[in-house]
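The values are calculated or read from the model by the stated rules, or taken from the named source; none is laboratory data. Just so we're clear, the structure is a prediction, and the values are computed from it rather than from any experiment. Cβ sites come from the backbone with ideal geometry, for glycine too, and all protein chains shown count toward neighbours.
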Amino acid sequence: MGKPVISVVDIWKSYNDLNVLNGVSFELMEKEVKVIFGPSGSGKSTLLRCINMLNPPDKGEIYLRGQNLMDSDVDLNKIRSRIGMVFQHFNLFTHLKAIDNVSIGLRRVKGLSKEEAHEKALMALKSVKMAEWADHYPAQLSGGQQQRVGIARALAMEPDVILFDEPTSALDPELIGEVLQVMLDIAKSGTTMIVVTHELGFAKAVSSEMIFLGEGVILERGTPEHFFTSPESERVKKFLKQLEVLYGSHEELLKL
Amino acid sequence: MKRCFLLITIILLIGIAIISLGIISYIFFPFLFNIFIYILVSGLPHTLLLTSIGLLGGFVLGISLALMRIYGSKELQWISSGYEKLFRGVPLLVLIYIFAFGIPGIFWFISPLDRSLAAVMLALALRSGAYQSQIFRGAILSVNLGQMEAARSLGMNQIQGFRHIVMPQALRLAIPSWSNEYAVVIKDTSFASGIGILELTKSAYRISVIYREIPELWTLSMVFLTIIYFLFTYPITRFFGERQTKKLKDLGMGGG
C-alpha cells in the first residue's frame, strides 16, 4: 500500500492538569478517509490540532510523508500549507469575498500571481459548487455555503491531507446534506482526509477505518461494518446507540 | 470608489455650507462676513495642520503601542501600558506647556518661529497615541481568534496572518472609534491658542479683542467659531461612524 501520508506515533497532550491525549497512534494511507469519533472531551479536536501543529503535542511523533514534524528544524508554515484544515465554525476571513478567501493562501503562501491564484480558486469553488457565489462575503452566505467555501479554501492549496474538525456540527440540519455531499465528492475523487464527525452515514459511505476516541486513547478501531455490526466495547455500543437515537431512525426516538 | 465619492460629497457640502454662510453674511452683514472670513482664513490652516499631524503621529504611535501590548514581551507590555496611563493622566495644556517651555532646547533643530507649533504637534500626537492605542488594541482583540488560526493553518506565519487577515479587520473595526478620536483632536487643537498659535480659537479670540468697544462681538465670534468646529466634526464623525458601523454589521464583524 506504500508509505503512509500521516503517521501519528504515541502522542500525548495535556493542558495544565488535564490530560487530553494519552498515547494515540495511527497511520493514514494515500487516498484514505479516516473517521474519528467519540464523546466530547475525548480529544478529537486536539488530535487534529496536534497533527497540523497548531497545538504541538507534548510527547510523541507525527510524520508527514516520513518527515518528523516534531523536529525543531522543520518549517512548520510550509508543513501547514500541505495540511488543509476545515473548521467547525468555518473561520472564513470575514473581510474577504469567497473567492479571495480561497485565493489568499495561494497568493501569500504559495506565491502564485493574482491571475493564477484567482483561476485556481475559482476551480476550487466550482468543485464545491460555490463558483456563482464567488463575489459574496461570508456574512452573505448560509452556514452550509460558508463551510463549502472553507472546504474549497483547504482544497485549493492542494494539500497532502485535509483535516475536518466536526465540519457539520455547527450547521442547521437542512444544511448538513450539501456539505456532506461535497465531502463525499472530494473523498471519492481521491482526497486523503481525516474527518472528525458523528455523521455515521458519511463514515459508512467513504471511510476505510473508523477510530473511536475516548479519554484520550483509541478505545476501538475498525471498518465501518465492524462498528455497525459487532462493536466490542460497551462504551462504544452505548455511544453508537445514543448517536442512533439522535440521528438515526424515528422508531428509536419514539420509544423514548 | 463609492466611499471616496461620498467623502468628496461631504467635503463639498462642508464647503458649500461655509460659502453660503459667508454669502448670507456678506449680503446682509458685510462686517460679520469679514469676521467670519478672518477667523476661517487666519485660523483654519493651523487647526487642520495640527489635527492631521496629531492624528497621524498618534496613529503610528497608537498602532505600535497596541502591538507591543498584545504581542510584545512582558517588558514591552509594561512600557506600553505605562505610557497609556501616563499620557491619559496629564492634561493636554500641561503637555503643551511642558514641550513649549518646560524642556528648553527640545526643538533645537526647528526654526524658533515654528517651535511652539512643534510643541503642540508633539503633545497632540503623544496624547492621541495613548488613546489610539486603546482603540487599536480593542479592535485587534475583537478579531476572532479563529481568523488567525485559519490563517496559520493555510501556512501563513504570524506576521502574514496579522498583516493580511487580522490587521485589515482590526482597522475596519477601529474606524468608528477613530473618527471619534478625530473629533477629539480637532477640538483639542484649540489648546494651542494657550501658547499663542493662531488657530481657529485664537483668531476668534483675537478679533474680539481688537474690537473691544463692541462686547457683542465676543458672542458673535464665538458663535462663528462653534459653527466652524461643528462643520468640521459632525459630518465626518457621522459619515465614518454610522456608515462604517452599518458596513461592519453587513460583514458580520464587531458583534452588536
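State yes or no: is B:GLY161 free of Cβ contacts under 8 Å to residues at least 40 places away in the same chain, at positive phi and buried (at least 20 other Cβ atoms within 10 Å of the Cβ)? It would help to see each step written out before you state the result.
Numbers: free of Cβ contacts under 8 Å to residues at least 40 places away in the same chain: yes; at positive phi: no; buried (at least 20 other Cβ atoms within 10 Å of the Cβ): yes.
For B:GLY161, the condition - free of Cβ contacts under 8 Å to residues at least 40 places away in the same chain, at positive phi and buried (at least 20 other Cβ atoms within 10 Å of the Cβ) - is not met.
For B:GLN244, all conditions in the list (1) away from every other protein chain (no Cβ under 14 Å); (2) touching a Pro at 6+ places or on another chain (Cβ under 7 Å) hold save one; what is the number of the exception?
B:GLN244 satisfies all of (1) away from every other protein chain (no Cβ under 14 Å); (2) touching a Pro at 6+ places or on another chain (Cβ under 7 Å) except (1).
Kindly indicate whether any position in region A:74-89 is surrounded by 24 or more Cβ atoms within 10 Å (Cβ to Cβ), among the aliphatic types (A, V, I, L, M) and within 26 Å of B:GLY252 (Cα to Cα).
Yes: one or more hits.
Regarding region B:25-37, can at least one residue be identified that is in contact (Cβ under 8 Å) with a residue 12 or more places away in the chain and surrounded by fewer than 16 Cβ atoms within 10 Å (Cβ to Cβ)? Break it down into steps so the answer makes sense when it comes.
The first filter runs over region B:25-37 and keeps only residues in contact (Cβ under 8 Å) with a residue 12 or more places away in the chain, leaving B:32, B:35-37.
Filter once more, keeping what is surrounded by fewer than 16 Cβ atoms within 10 Å (Cβ to Cβ): B:37.
Yes, that holds for at least one residue.
I'd like to check something: does region A:14-31 contain any residue that is among the aliphatic types (A, V, I, L, M), crowded, with 16+ Cβ neighbours inside 10 Å and within 14 Å of chain B (Cβ to nearest Cβ)? Write out each step before concluding.
Just the residues of region A:14-31 that are among the aliphatic types (A, V, I, L, M), to begin with: A:18, A:20-21, A:24, A:28-29.
Now drop any that are not crowded, with 16+ Cβ neighbours inside 10 Å, which leaves A:20-21, A:24, A:28-29.
From the residues that got through so far, the ones that are within 14 Å of chain B (Cβ to nearest Cβ) too are none.
Within region A:14-31, none of the residues are among the aliphatic types (A, V, I, L, M), crowded, with 16+ Cβ neighbours inside 10 Å and within 14 Å of chain B (Cβ to nearest Cβ).
Among the residues of region B:128-143, is there at least one that is within 14 Å of chain A (Cβ to nearest Cβ), more than 24 Å from B:GLY54 (Cα to Cα), assigned to a helix (DSSP H, G or I) and in contact with a helix residue (DSSP H, G or I) (Cβ under 8 Å, 6 or more places away or on another chain)? Can you show your working first?
Applying the first criterion (within 14 Å of chain A (Cβ to nearest Cβ)) to region B:128-143 yields B:139-140, B:142-143.
Remaining after also requiring more than 24 Å from B:GLY54 (Cα to Cα): B:142-143.
Still in the list and also assigned to a helix (DSSP H, G or I): none.
Within region B:128-143, not a single residue is within 14 Å of chain A (Cβ to nearest Cβ), more than 24 Å from B:GLY54 (Cα to Cα), assigned to a helix (DSSP H, G or I) and in contact with a helix residue (DSSP H, G or I) (Cβ under 8 Å, 6 or more places away or on another chain).
Condition first: touching a helix residue (DSSP H, G or I) at 6+ places or on another chain (Cβ under 7 Å), farther than 21 Å from B:ALA183 by Cα and hydroxyl-bearing (Ser, Thr, Tyr). Can you find one or more residues in region B:20-27 that meet it?
Yes: one or more hits.
When region B:74-102 is examined, which residues are found to be more than 22 Å from the chain's Cα centre (by Cα) and surrounded by 11 or more Cβ atoms within 10 Å (Cβ to Cβ)?
Those that are more than 22 Å from the chain's Cα centre (by Cα) and surrounded by 11 or more Cβ atoms within 10 Å (Cβ to Cβ): B:LEU76, B:GLN77, B:TRP78, B:ILE79, B:PHE101, B:GLY102.
Name the helices (runs of 4 or more DSSP H) wholly within region A:43-148 that hold at least 1 residues that are closer than 26 Å to A:VAL217 by Cβ and away from chain B (no Cβ under 13 Å)?
Values: elements: A:44-51, A:76-81, A:98-108, A:114-127.
Helices (runs of 4 or more DSSP H) meeting the threshold: A:44-51.
Checking the conditions here, which among A:LYS34, A:LYS97, A:LYS59 is more than 23 Å from A:ALA203 (Cβ to Cβ), of a type in the set (Lys, Arg) and modelled with pLDDT of 95 or more? Let's see the steps before the verdict.
Numbers: A:LYS34 fails: more than 23 Å from A:ALA203 (Cβ to Cβ); A:LYS59 fails: modelled with pLDDT of 95 or more.
Only one candidate qualifies: A:LYS97.
Inside region B:144-179, can you point out the residues that are away from every other protein chain (no Cβ under 14 Å) and in contact with a Ser or Thr (Cβ under 6 Å, 6 or more places away or on another chain)? Spell out the reasoning first.
Taking region B:144-179 first, the residues away from every other protein chain (no Cβ under 14 Å) are B:176-179.
Across region B:144-179, the qualifying residues are B:PRO176, B:SER179.
Looking at region A:171-221 only, could you name the residues that are among the small types (Gly, Ala, Ser) and on the phi < 0 side of the Ramachandran plot? Talk me through it step by step, then tell me what you get.
Here is the first cut: in region A:171-221, the residues among the small types (Gly, Ala, Ser) are A:177, A:187, A:189-190, A:201, A:203, A:205, A:207-208, A:214, A:216.
Listed by number, the residues that qualify are A:GLY177, A:ALA187, A:SER189, A:GLY201, A:ALA203, A:ALA205, A:SER207, A:SER208, A:GLY214.
Looking only at region B:18-51, which residues are under 17 Å from B:TYR234 (Cα atoms) and modelled with pLDDT of 85 or more?
Those that are under 17 Å from B:TYR234 (Cα atoms) and modelled with pLDDT of 85 or more: B:LEU44, B:THR47, B:LEU48, B:THR51.
Tell me yes or no: at least one residue of region A:187-197 is within 14 Å of chain B (Cβ to nearest Cβ) and touching a residue at least 60 places away in the same chain (Cβ under 8 Å).
Taking region A:187-197 and keeping what is within 14 Å of chain B (Cβ to nearest Cβ), we get A:194.
Those left that are additionally touching a residue at least 60 places away in the same chain (Cβ under 8 Å): A:194.
Scanning region A:187-197 turns up at least one residue that is within 14 Å of chain B (Cβ to nearest Cβ) and touching a residue at least 60 places away in the same chain (Cβ under 8 Å).
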